[in-house]
Amino acid sequence: MAYQTKQKQLLLQFLAEHKEEQLSIEEIAEMMPSGLGKSTLYRLMSQLTEQGWVMRFRGNDQKAVRYQLVNKEDGCDGHFHAQCTSCGTLFHLHCDFMKNLGSHMGHHHQFLVDSAQTILYGTCESCQKEG
C-alpha cells in the first residue's frame, strides 16, 4: 500500500482485530480506542475501499453501509461473496462455478466483473430453517 497516515494505520489495525465482523462507521467510531471522528473514518474508508483493502456493502436493513477488511491471505479480493439478507452473514464463495461465471462474463459479454466487490444477496440455510 502507498503512503499511510498514522490514522489509516490505526484503522487498518482495528479492522484486522475485527476481520470477521462487518461494521458501520458509527460502530467503528464507538469501538475504536483512538477516537477518530466520523468524517475522518468516512474519508479513510473511502480510500481503503478504492485501494481494495476494505469491502463496502449494505447491512441487514439494506440501508446502513457496512465495512469489512479484505482478507488478502484468503484471496478474499479474488472471489465472489454472498450475504444473507436476514442475519447479515457474509459467505466467501470459493467455487469453480463462480470463477467460471467471471470468465464467462468477460469472454462472452466483454464485461469484467470485480469479484471482490460483487455480492449475491439471499437467505442462508440457517435462516431458511428458522423461517
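The values are calculated or read from the model by the stated rules, or taken from the named source; none is laboratory data. Just so it is clear, the model here is predicted, and its values are computed rather than measured. No Cβ is skipped: glycine too gets one built from the backbone with ideal geometry, and neighbour counts run over all protein chains shown. To get the accessible areas, we keep the full protein, side chains included, count just its heavy atoms, and leave off ligands, DNA and RNA. Shrake-Rupley method; radii C 1.70, N 1.55, O 1.52, S 1.80 Å.
Some observations on this one:
- Qualifying positions in region 85-120 - more than 24 Å from L69 (Cα to Cα) and not small (G, A, S): F97, N100, L101, H104, M105, H107, H108, H109, Q110, F111
- Which numbered condition Q62 misses (of (1) at pLDDT 85 or above; (2) of a type in the set (S, T, N, Q); (3) exposed (fewer than 12 other Cβ atoms within 10 Å of the Cβ)): (1)
- Cβ-Cβ contacts under 6 Å between residues 6 or more apart (or on different chains), taken from a first residue in region 83-95 that is of a type in the set (G, A, S) to a second residue that is open to solvent by 40 Å² or more (accessible area, probe 1.4 Å), are listed as S86/T123; G88/N60.
- Condition check for E21: open to solvent by 50 Å² or more (accessible area, probe 1.4 Å), closer than 15 Å to R66 by Cβ and either assigned to a loop (DSSP other than H, G, I, E, B) or in contact with a Ser or Thr (Cβ under 7 Å, 6 or more places away or on another chain) (or both): yes
- Filter result (surrounded by 12 or more Cβ atoms within 10 Å (Cβ to Cβ) and hydroxyl-bearing (S, T, Y)) within region 78-120: T85, S86, T89, S115, T118
- Residue in region 82-95 that is within 21 Å of the chain's Cα centre (by Cα), of a type outside the set (V, I, T) and assigned to a helix (DSSP H, G or I) present: no
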